[in-house]
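Colleague: Have a look at the structure that comes next, please.
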Amino acid sequence: VGGPVTITPVGASYAPALLDLQLRNRSFLAPFDPARPEAFYTLQGQRESALIAEADREAGRGYAFVIVEAGSGELAGRIGLSNVVRGAWQNATLGYFVDRARNGRGYASGAVGLALAFAFGSADLHRVQAAVMPGNPASARVLEKNGFRKEGFSPRYLHIAGAWEDHDVFAITKEEWLHS
Ligand SMILES: CC(C)(COP(=O)(O)OP(=O)(O)OC[C@H]1O[C@@H](n2cnc3c(N)ncnc32)[C@H](O)[C@@H]1OP(=O)(O)O)[C@@H](O)C(=O)NCCC(=O)NCCS
């Protein structure tokens with residue numbers, strides 16, 4: 001699984017490379033991301049974001065990874081399982097992006113496969129959900145290739161780039177993943 005990429009937990013040591021990735025992809029990602037404070041685009045902002053990711057991992061709230069290009073060892077994106085709920089749900093939400101300059105090489109598809117293996121393996125979750133804006137067919141394709149089902153359409157689902165945006169909701173459970 002993963003092909004040309006590996007994933008590894010986000011840590012503060014990745015802050016400079018994550019800053020570079022965020023700065024180079026700022027306008028590319030703007031339509032898909034929540035509005036970010038200006039501080040997000042500073043080394044300090046990326047350090048803080050990485051420290052939050054480390055604390056979330058420690059507390060079992062979420063699992064953020066950098067996507068590493070296998071050939072070069074360079075950072076190619078970020079993928080994360082967030083909003084982990086245990087109890088009767090055992091669910092998390094999945095989000096990701098891949099460096100625009102490296103799009104179309106199967107990196108997101110590989111990273112999602114690796115994130116699912118982690119979710120249903122060491123994290124022992126039962127369901128992973130992802131929400132995609134209808135105008136983002138590449139992301140929907142990445143999910144479908146990894147065995148996600150489209151469950152439905154959720155109007156005004158997430159606050160993205162300053163507005164409540166409709167999303168298609170996709171999900172996969174461990175049973176489906178095991179049999180795919
Ligand atoms: C969406 C995104 C993650 C895709 O990353 P990627 O590494 O290029 O994805 P992959 O190469 O693994 O796969 C992309 C698939 O979408 C397909 N695709 C690309 N553009 C498409 C389009 N306009 N319509 C339909 N399919 C499209 C590709 O052909 C490929 O499918 P294939 O393997 O069957 O040929 C990347 O463009 C990105 O980071 N976008 C901005 C952030 C974002 O949208 N994140 C997800 C939010 S839900």
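The values are calculated or read from the model by the stated rules, or taken from the named source; none is laboratory data. Remember, it's a predicted structure, so these values are computed and weren't measured experimentally. No Cβ is skipped: glycine too gets one built from the backbone with ideal geometry, and neighbour counts run over all protein chains shown.
Colleague: Please specify each residue of region 136-173 satisfying the condition of being over 15 Å from the mean Cα position of the chain (by Cα) and aromatic (Phe, Trp, Tyr).
Modeller: Within region 136-173, Phe153, Tyr157, Trp164 qualify.
Colleague: A further question follows. From the list Ser49, Ser72, exactly one residue is of a type in the set (Gly, Ala, Ser), within 26 Å of Asn103 (Cβ to Cβ) and surrounded by 11 or more Cβ atoms within 10 Å (Cβ to Cβ). Which is it?
Modeller: Ser49
Colleague: Next question, about the same structure. Just to verify a result, which residue in region 85-95, among those that are small (Gly, Ala, Ser) and either in contact with a strand residue (DSSP E or B) (Cβ under 8 Å, 6 or more places away or on another chain) or at pLDDT below 95 (or both), is nearest to the ligand (Cβ to nearest atom)?
Modeller: Gly95
Colleague: May I pose another question? Got a number for residues in region 69-95 being outside any loop (DSSP other than H, G, I, E, B) and on the phi < 0 side of the Ramachandran plot?
Modeller: Result for region 69-95: 15.
Colleague: I'm trying to understand the selection: among the residues of region 96-129, which are more than 6 Å from the ligand (Cβ to nearest atom), under 20 Å from Asp33 (Cα atoms) and in a strand (DSSP E or B)?
Modeller: Val128, Gln129
Colleague: Can you find even one residue in region 38-58 that is outside any helix (DSSP H, G or I) and within 17 Å of the chain's Cα centre (by Cα)?
Modeller: Scanning region 38-58, I find no residue that is outside any helix (DSSP H, G or I) and within 17 Å of the chain's Cα centre (by Cα), so the answer is no.
Colleague: Filter region 1-46 down to the residues that are more than 16 Å from the ligand (Cβ to nearest atom), buried (at least 17 other Cβ atoms within 10 Å of the Cβ) and either among the charged types (D, E, K, R) or without any contact (Cβ under 8 Å) to a residue 40 or more places away in the chain (or both) and list them by number.
Modeller: Of everything in region 1-46, those that are more than 16 Å from the ligand (Cβ to nearest atom), buried (at least 17 other Cβ atoms within 10 Å of the Cβ) and either among the charged types (D, E, K, R) or without any contact (Cβ under 8 Å) to a residue 40 or more places away in the chain (or both) turn out to be Ala15, Leu19, Gly45, Gln46.
Colleague: Now, a different point. Within region 162-175, how many residues turn out to be exposed (fewer than 15 other Cβ atoms within 10 Å of the Cβ) and not in a strand (DSSP E or B)?
Modeller: Count: 2.
Colleague: Under 8 Å between Cβ atoms, which residue pairs at least 6 apart in sequence (or on different chains) link something in region 86-104 that is under 17 Å from Arg24 (Cβ atoms) and among the hydrophobic types (A, V, I, L, M, F, W, C) with a partner that is more than 10 Å from the ligand (Cβ to nearest atom) and not in a loop (DSSP other than H, G, I, E, B)?
Modeller: Ala101/Arg24
Colleague: Here's something else I'd like to know. Those residues that are over 14 Å from Asn136 (Cα atoms), in contact (Cβ under 8 Å) with a residue 12 or more places away in the chain and of a type in the set (Phe, Trp, Tyr), I need them from region 154-177; list them, please.
Modeller: Tyr157, Trp177
Colleague: Please go through region 99-124 and give me each residue that is touching a Pro at 6+ places or on another chain (Cβ under 9 Å) and at positive phi, ordered by number.
Modeller: Gly106
Colleague: State yes or no: is Asn146 near the ligand (Cβ under 6 Å from one of its atoms) and either hydroxyl-bearing (Ser, Thr, Tyr) or modelled with pLDDT of 95 or more (or both)? Spell out the reasoning first.
Modeller: Numbers: near the ligand (Cβ under 6 Å from one of its atoms): no; either hydroxyl-bearing (Ser, Thr, Tyr) or modelled with pLDDT of 95 or more (or both): yes.
So Asn146 does not fit the description; no.
Colleague: Within region 123-153, take every residue that is touching a residue at least 60 places away in the same chain (Cβ under 8 Å) and aliphatic (A, V, I, L, M) and give me the one that is surrounded by the fewest Cβ atoms within 10 Å (Cβ to Cβ).
Modeller: Taking the candidates together, the pick is Ala123.
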